[in-house]
Amino acid sequence: MTKLDTLWRRTIFDWSTILPPVRNQYSGSKLSLYFLVLIGCIFTFRGCVHYFAPDGGSGSIAGIPIDTYSEGAVKTIINSFGVYGIGHLLEAAIVWMVIIRYRSLIPLTYAFIWVSQVLGFALMSIKPLPVVPPGQIGIYLMLPLVSIFLLLSIRRSLPIEGSAAREISHGRNA
C-alpha cells in the first residue's frame with residue numbers, strides 16, 4: 001500500500017457513500033430500460049451540442065435569429081444555452097448511472113424526467129419563443145412516451161385469471 005492509499009483511507013470522509021453499492025434489481029418492463037437508453041443518448045447529444053457548439057445550438061439548431069441581437073444579448077443567449085447543456089449532461093450522467101449501476105431507480109428516474117417534461121411544456125406555453133425549436137417538438141413527443149414508460153417501469157406482473165383460480169383450487173396458494 002502506498003502512502004497516498006494510506007492517507008486516502010485515513011481521512012474522516014467516507015468517499016464510498018457518493019456511489020453506494022450496486023442495486024440492479026429491476027422488475028419493471030424491459031421496454032422501459034431500453035427507452036431509457038434512448039433517452040440517455042438524447043440527453044448526451046443535447047448536452048454536447050448545447051455546451052460545445054459555438055452558438056450553443058441557439059441559431060444553428062433552434063433557429064433563434066441571434067444575428068439580429070446586440071453582441072451582449074448574443075453572448076447571454078449562447079451562455080444560457082451552455083448552461084442548458086450542463087443540465088443535459090448532468091441528466092445524461094444520472095441516466096447512464098441508473099442504466100449501468102442502479103436499475104432499481106428506473107421508475108424514479110422516469111418520474112423526474114416526466115416532471116421535467118411537464119415543466120418544459122408549461123414553460124413553452126407561458127413563455128413561448130419566437131421560433132419553434134426541436135426541443136419544443138420533442139416535448140410534445142416525449143411527454144406521452146415518458147408517461148407510458150413510467151407506468152411500464154412500475155407495472156407488476158399479475159397472474160392470469162384462469163391459472164390463479166386453478167392454483168387456489170389445487171391448494172397451492174393456501
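Taking label positions 7 Å along the Cα-Cβ direction at both Gln25 and Phe45, the computed distance is 3.6 nm, reported to one decimal.
Protection proxy ranking for 83-96, 118-131, using the average of other Cβ atoms within 10 Å per residue and placing the highest first: 83-96, 118-131.
On the principal axes of its alpha-carbon atoms, the stretch 27-154 has extents of 53, 27, 16 Å, going from largest to smallest. Our Cα-only numbers for the stretch 83-143 put the radius of gyration and Dmax at 13.2, 41 Å.
Segment Thr2..Leu151, full-extension length gain: 48.7 nm, with 0.36 nm per residue of separation and the alpha-carbon distance subtracted.
Using only the C-alpha atoms of the stretch 7-87, find the volume of their convex hull and express it per residue in Å³. Write down the numbers at each step before the final one.
Numbers: hull volume 12.8 nm³, N = 81.
Here the figure is 158 Å³ per residue.
Computed from the coordinates by the stated procedures, all read-outs in this text should not be read as laboratory data. Please read these numbers as outputs of a predicted model, since none were measured by experiment. Neighbour counts run over all protein chains shown; Cβ positions are idealised from the backbone, glycine included.
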